[in-house]
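Worksheet for the structure shown next.
Here, each number is a calculation from the coordinates, and none is a lab measurement. No experiment lies behind these values; they were computed from the predicted model shown. Please note: Cβ atoms are built from the backbone with ideal geometry, for glycine as well, and neighbour counts cover all protein chains shown.
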Amino acid sequence: MSTLGFLGAGLAVGLAGIGAGFWEAMIVASALNAILRNPEMKWKLMTFMILFIALDESVAIYGLIVAFKILAIDPTAMTNPYMYIAAGLAIGLPGLAVGIGEGYLAKVSVDNMGKNPELSSTFMVLTILGLALVESAAIYGLIVAFRLIG
């Protein structure tokens, strides 16, 4: 494996993991604050927190898949080693942005559920729809990364 392969794999999982990891922590912090505001909603908020974290984690998983795919390539079969970096960036940068966007959306939703428990079902539905739409950007990056790798 060339140095560029290692760099590409690191970019794929590193960038996607940064966005997801930081904002998953923000989702947990928001859930804790919402539970402090409305202790009677703790089970509902914990359920939404876990669901939203799982959805945000998908971008880190995409980065991991691309990193493993890059590391599995025979370097002698790669005609252009810069494809490793391009593939890593193709999923890493959208993964970073989507992880931030999904995490922020989920954080705001959980915050608002704690303030307005009567609207929690509405917030949950709108948040899941929003997360699905934001997720499409990461899926585009995943597709491009796979095409670059071959």
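For the chain, modelled as a GNM whose springs connect Cα atoms under 10 angstrom apart, the maximal fluctuation among Ser58, Ser30, Ser121 occurs at Ser121.
For a straight C-alpha distance cut-off of 18 angstrom, the lysines reachable from Lys42 (same-chain residues fewer than eight places away being disregarded) are Lys107, Lys115.
Here the Karplus relation 6.51 cos²θ - 1.76 cosθ + 1.60, evaluated at θ = phi - 60°, turns the backbone of segment 73-89 into coupling constants of 6, 6, x, 6, 8, 8, 6, 10, x, 5, 5, 4, 5, 4, 5, x, 6 Hz, with x for every Gly and Pro.
Ile139 sits among other residues whose Cβ lies under 15 Å from its own Cβ, and their net charge, with Lys and Arg +1 and Asp and Glu -1, is -3. Rounded to the nearest whole Hz, the Karplus-based 3J(HN,Hα) values (6.51 cos²θ - 1.76 cosθ + 1.60, θ = phi - 60°) of segment 104-114 follow the sequence 5, 4, 5, 4, 4, 4, 5, 4, 5, 4, x, with x at glycine and proline.
From the phi of every residue in segment 45-58, what ³J(HN,Hα) in whole Hz does the Karplus formula 6.51 cos²θ - 1.76 cosθ + 1.60 yield, where θ is phi - 60° and glycine or proline is x? For segment 45-58, the Karplus-derived couplings read 5, 5, 4, 5, 4, 5, 4, 5, 5, 4, 5, 5, 5, 4 Hz, x marking Gly and Pro. Would you mind telling me which residue in Tyr84, Tyr140, Tyr104 has the biggest mean-square fluctuation in a Gaussian network model of the chain, where springs connect alpha carbons within a distance under 10 angstrom? Maximum fluctuation in the GNM of the chain, among the listed residues, is at Tyr140.
Other residues whose C-beta falls under 12 angstrom from the C-beta of Ala87 contribute a net charge of +2, scoring Lys and Arg +1 and Asp and Glu -1. By the scheme Lys and Arg +1, Asp and Glu -1, what is the net charge of all other residues having a beta-carbon under 14 Å from that of Leu55? Here the charged neighbours net out to -4. Short-range pairs are left out: with C-alpha atoms under 8 Å and at least six residues apart, the relative contact order of the chain is 39 percent. Overall shape of segment 37-150 was characterised from the C-alpha gyration tensor. The equivalent ellipsoid obtained from it has semi-axes of 37, 12, 9 Å, in decreasing order.
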